[in-house]
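Single-structure report; data block below.
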Amino acid sequence: MSTGYEWVKFVELISHAVSALRVAYPVTAVSPLTPCHIELRYVDVFAAPVMASSSLPEFLSTHTTLPFGMPPFLKGGDFLHNVVEGQVSLSLSCADPTLGKFGLNVASGSANERPGLIMTSRVVNDGDLGVLGECDATAVLTWAERAHKVTSKFFKDFMTQDAMKLFHQNPSEAP
């Protein structure tokens, strides 16, 4: 989990970035600054010492509300050992089409040279960005606020109550 992350401070960074982009972009009548991609992405890392195992199936079944199980032939036997590394991805359209799509990726990885899992959740709009106008700071911030609500609700609903308790007790080491 991130330490020191605060949404309000991040919004200030977005505002500064959009302002800097608008200042740097040449003003012409032929080619106005119109975004073709906008994305809000969160990367959460789950590793030891809080997480006892870096097994992807174990993490999903223990710390998330996603029903996840491995078929018996992948749980080990004469030819295979337990599956501990992997990747799970999904993409869903947001209920509000002006937001775009929500994506989730949970994959084996490492953090500070310790085995762990990396969860990336994001809201992406690659299509109709007319809602942003000509890179209007207010429109970009409004989109980001709405996208943040999607990712925030997802995280709270996706993680188990026990995982959320660990997160609130020590966000720098939650599962």
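Just a few scattered comments:
- Net charge contributed by nearby residues that have their C-beta within less than 14 Å of residue 74 (K/R +1, D/E -1): -2
- Summed residue charge, Cβ within 13 Å of residue 115's Cβ, Lys/Arg positive, Asp/Glu negative: -2
- With 0.36 nm allotted per residue and the present C-alpha distance subtracted, the residue 95-residue 73 stretch has 4.2 nm of extension available.
- HN-Hα J in Hz across segment 53-64 - Karplus 6.51, -1.76, 1.60, θ = phi - 60°, x for Gly and Pro: 9, 9, 5, 4, x, 5, 4, 4, 7, 9, 9, 10
- With R₀ set to 41 Å, the beta-carbon distance separating residue 7 from residue 88 gives a calculated FRET efficiency near 0.95.
- Placing pseudo-labels 7 Å out from each Cα toward the beta carbon at residue 162 and residue 145 gives an inter-label distance of 3.8 nm.
Just so you know, all these numbers are worked out from the coordinates, no wet-lab data involved. It should be emphasised that the depicted structure is a prediction, and the values quoted were computed from it without experimental measurement. Positions of Cβ are generated from backbone atoms using ideal geometry, with glycine treated the same way; all protein chains shown enter the neighbour counts.
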